[in-house]
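Structure first, commentary second.
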Amino acid sequence: MADKHIDEISGVETTGHEWDGIRELNNPLPRWWLWFFYGTIVWAIVYMILYPAWPLLTSATPGIWGYSSRAEVAAEIVAAKEAQGEMLQKIADSSVQEILADPQLTKFATAAGAAAFKVNCVQCHGSGAAGGAGYPNLNDDDWLWGGNIEQIHQTISHGIRFQDDAETRASEMPAFGDILKPDEIKQVAAYVVSLTEKPHNAALVEPGKQLFADNCASCHGQDAKGNREFGAPNLADAIWLKVRGEEQIIAQIRQPKHGVMPAWTARLGDTTVKELAVYIHSLGGGE
Amino acid sequence: MNLYTAPSTKDRKKTEDEKRPAAPPPHEPLYEAQKKIFPKEIKGRFRRFKWLVMLITLGIYYLTPWIRWDRGPFAPDQAVLVDLANRRFYFFMIEIWPQEFFFVAGLLVMAGFGLFLVTSAVGRAWCGYACPQTVWVDLFLAVERFVEGDRNARIKLDASPWSAQKLAKRTVKHAAWLLIAIATGGAWIFYFADAPSLAFDFVTGHAAFVAYSTVAILTATTYVLGGLMREQVCIYMCPWPRIQGAMLDDNSLVVTYNDWRGEPRGKSAKKAVAEERAVGDCVDCNACVAVCPMGIDIRDGQQFECITCALCIDACDNVMDKLGRERGLIAYATLNEYQSNMALATDGGRSSIDPNRVRKSDGSFVDQIRHFDWKILLRLRTLLYMGVWSAVGLALLVALLSRDRLEINVLHDRNPQFVLESDGSIRNGYTVRLLNMIPERRTVFLSLQGLPGAEMKIPEISTDYADRVFAIPLDPDKATPLKVFVTLPKKAIFDPREGFNFVLEDRASGETDIYHANFNTPGASK
């Protein structure tokens, strides 16, 4: 511009723009600021070349370094698996008894088992393994099929009444609705209730006891304390699995319900099943 | 006007030179361009004190991580160590666990009030002597002076065109600065790991990335802030000068040009005397300006750039000594003291400064001149700061001497809250953490208190419900987590929730800790 305008007060040249008598001073940006600005532009271009940047229809430009956050996570998972490899190998090579004998292995297996439990088992047994009606509480000391570490391992491995597994634990209670008369069923129920609670009707208990000895003792035992060979529940303790109260006991005798647990070795592998067994054993009821 | 430096020339009396008509002022830009400052070397008592403070502070900073402290085989032997990986903080005989980090917070509070106390008593002493920025700038200036020479040589070198010699000097200077900066960044990381092994790993390229990046960042900041930005950090970046005004008052010591005895200043006193003009002690030699690392003229009065480093006092005292006049033309003085003397020299402001009002005929000062009185240090403000500082310190000391080295934390199982056993008894599960905060192994005893009839089981120690007391071996300097089951027989259950205590005791040392826990039940049995 030929006619440079210098602001009188500041002595700074103006840009020549004027709005209602207000002129804009032509103060350049600080040089350090400009260089930083140019630097960020260069950085952005370099970044776009090196890293994934431009979105495409189904993915993004890969960038010449081929970086991806998924690949990074995958690598981290592989590294974590490798880091655990030694312990996992030891668990695979040991029996459950041997794991329990080694405090370090037990600690690792318990933690791993807890994690596996929260993915695979909580749907039926609850997140605290406290079970529910029809599903055993794994914290207590009442075990249908035995509560030592090997018995627990066996149960998890092959399941209960799981038809696809030849070694599965199997037992069936007959439906006594076809065998006993309704009155007799009431008498048996009264007897069973009397084992842990006061009977409602003492007159039913005595004949019920005889009926129990004739029909039930072969599985549940003469003293009604159950038999782990058949997974027959202990009827004389404080813990009831499927039923609450006399009505439900009658229903269970007439037409029993049976739970089914899948065999887990096929799905999770033996190492994880061992870890699960150690975890269940650690819950407080393990024998 | 300049928004970023305090107005300085308005308040003082104009000298003869300045009364001459000056050229119309050039335009003042909104931002001040950087003024290059070439502080001159000076010798004197404050300079010596500054060297001493530099020696001590840098010595502490660089050497502390190398001090060893034997804590036995189970703890690191570094006297001062912030062990982030293991969440421990070691400070000589004191070991701090994460939950005790309030000690560090308390120390920071003490540092804050200590700064208030020092500032209210002796002004910006922190800025002038102990602030890391000041210390490192001083060190960098010493290097610069060693390489490039003193003020005049440096001014000349700076103005001269680039030559091989200039390039060589500049290269040596910046290389030395960078070395100091690397050492500074390097010293920092030694506080966070075992110094000798980290030093070895660092030079052999095996140290963690965070170590290298920390050193890189601290090297860059030290070099840029201490070498290149210098006084601009104090003027533009530091928040402390902005808030310290709240701690200063009329009785705080500040570096003061005593113009009541210095003015009217003049280069040629003889000529002035011959012309029978009044003459002050200031000979306008500019020594005080030449030595100032902040580039100010203290004779312009109080300025917020002044870090009260007192180098101008040394410079002026040297000149006064040569002239055979009394020291203290520039001195640490309180505003009260200054104003009283000023009133004396100006007859309460009724006239301009007249040296004859403060001098006797033999040249000594009149008796009414006020001098600094140490008693001024003890006033309500300083005593209050002192009180708070001591109270925090005392509280920390009491906390330190009475703190537990054995602790128990208990977490009740949330799911399930309780478990029914086959005999009708109720079991509760707890995760118990036993904290052994000494670097020695020991055996402690965990027992139940209350909850009659209940028994305890700790599978890791014993698989039996043996009794209500368990002996538990604890690793040194570790938290030991244990799964603990407590079982209450059916006949002892009455309330949905019953309180009891876990009691932890070290029978050898007599230490105990109690945790009040709850036992949950479904309620009284029928």
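The values are calculated or read from the model by the stated rules, or taken from the named source; none is laboratory data. The structure displayed is predicted, hence computed values, not measured ones. Reconstructed Cβ throughout: ideal geometry from the backbone, glycine too, with neighbour counts over all protein chains shown. Heads up: the accessible areas ignore ligands, DNA and RNA and are worked out on the full protein's heavy atoms, side chains in. Shrake-Rupley method; radii C 1.70, N 1.55, O 1.52, S 1.80 Å.
Odds and ends about this structure:
- Considering all C-alpha pairs of the range B:406-517, those separated by over 18 Å amount to 48%.
- Contact residues in the range A:213-237 (at least 10 Å² less accessible area with all protein chains than alone, 1.4 Å probe): A:D237.
- Debye intensity ratio in log₁₀ form over the Cα atoms of the protein assembly as shown, taken at each q of 0.06, 0.07, 0.11 Å⁻¹: -0.70, -0.83, -1.32
- Annotation: for a label point projected 7 angstrom from Cα along Cα→Cβ of B:D201, residues of the range B:58-101 with backbone N closer than 16 Å are B:76-78, B:81-88.
- Chains B and A, summed buried accessible surface - 1.4 Å probe, Å², nearest 100: 1100
- Maximal additional length on extending the B:D423-B:I37 stretch stands at 130.0 nm, based on 0.36 nm per residue less the C-alpha distance.
- Two-site FRET efficiency, A:A217 against B:T480, from Cβ-Cβ distance with R₀ of 60 Å, rounded to 0.05: 0.75
- Calculated FRET efficiency, B:R403 to A:D270, Cβ-Cβ distance, R0 = 35 Å: about 0.10 to the nearest 0.05.
- Degrees separating the helix A:149-158 axis from the principal Cα axis of chain A, which is the longest one: 80
- Stokes-Einstein, applied to the Kirkwood radius of the range B:242-358 over Cα pairs at a viscosity of 0.890 mPa s and 25 °C, places its translational diffusion at 165 µm² s⁻¹.
- Calculated mean residue ellipticity, 222 nm, chain A: -15500 deg cm²/dmol, from DSSP H runs (n ≥ 4) at -39500 (n - 2.57) each, averaged per residue and rounded to 500.
- Overall shape of the range A:163-287 was characterised from the C-alpha gyration tensor. The equivalent ellipsoid obtained from it has semi-axes of 33, 17, 12 Å, in decreasing order.
- Label point distance in nm, B:N520-A:R31, each placed 7 Å from Cα along Cα→Cβ: 7.1
- Selected from B:G227, B:I353, B:S213, residue furthest toward positive end of dipole (chain B; charges at beta carbon): B:I353
- Here is the list for the range B:203-297: trypsin sites (Lys or Arg not before Pro) lying in DSSP coil, each with at most 14 other C-beta atoms within 10 angstrom of its C-beta, are B:K267, B:R277.
- From its DSSP helices (H runs of at least four residues, each -39,500 (n - 2.57)), chain B gives a residue-normalised ellipticity at 222 nm of -11000 deg cm²/dmol.
- Mean partner shielding of peptide A:137-143, defined as the number of other chain Cβ atoms within 10 Å of each residue Cβ, is 5.
- Each peptide among B:198-204, B:305-311, B:183-189 gets the average number of other Cβ atoms lying within 10 Å of its residues, and from highest to lowest they stand as B:305-311, B:183-189, B:198-204.
- All C-alpha to C-alpha distances of the range B:50-188, sorted into 10 Å bins beginning at zero, yield P(r) values of 10, 25, 28, 21, 11, 5, 0 percent in whole numbers.
- Relative frequency of Cα-Cα separations exceeding 19 Å in the range B:219-282, percent: 62
- Whole-number Å³ per residue for the convex hull built on Cα positions in chain A: 343
- Sequence-distant contacts, meaning Cα pairs under 8 Å at least 6 residues apart, place the relative contact order of chain A at 21 percent.
- In this rough spin-label picture, where each label sits 7 Å from Cα along the Cβ direction, the A:A251-B:D158 distance is 9.6 nm.
- Which of A:A80, A:Y191, A:A53, positive extreme of dipole for chain A (C-beta unit charges): A:Y191
- Mean sequence separation of contacting Cα pairs (under 8 Å, at least six apart), scaled by the length of chain B, corresponds to a relative contact order of 14 percent.
- Put simply, the convex hull of the Cα atoms in the range A:1-67 casts, on average, a shadow of 8.8 nm².
- Once the chain from B:F101 to B:T431 is taken as fully extended at 0.36 nm per residue, the excess over their C-alpha distance is 116.4 nm.
- Within chain B, helices built from complete DSSP H runs that reach 30 Å or longer along their own axis (Cα positions) and carry a mean Kyte-Doolittle hydropathy of 0.0 or higher are B:164-189, B:380-402.
- Solvent exposure of the range B:45-247 as accessible area per residue, Å², 1.4 Å probe: 52
- B:A278-B:E326 FRET efficiency (beta carbon distance; Förster radius 25 Å; 0.05 resolution): 0.90
- Note on A:I64 and B:N336: the model spin-label points, each 7 Å out from Cα along the C-beta direction, lie 7.3 nm apart.
- When the convex hull of its Cα atoms is viewed from all sides, chain B shows a mean projected area of 37.5 nm².
- With contacts taken as Cα pairs under 8 Å at a separation of at least 6 residues, the range A:1-67 carries a relative contact order of 16 percent.
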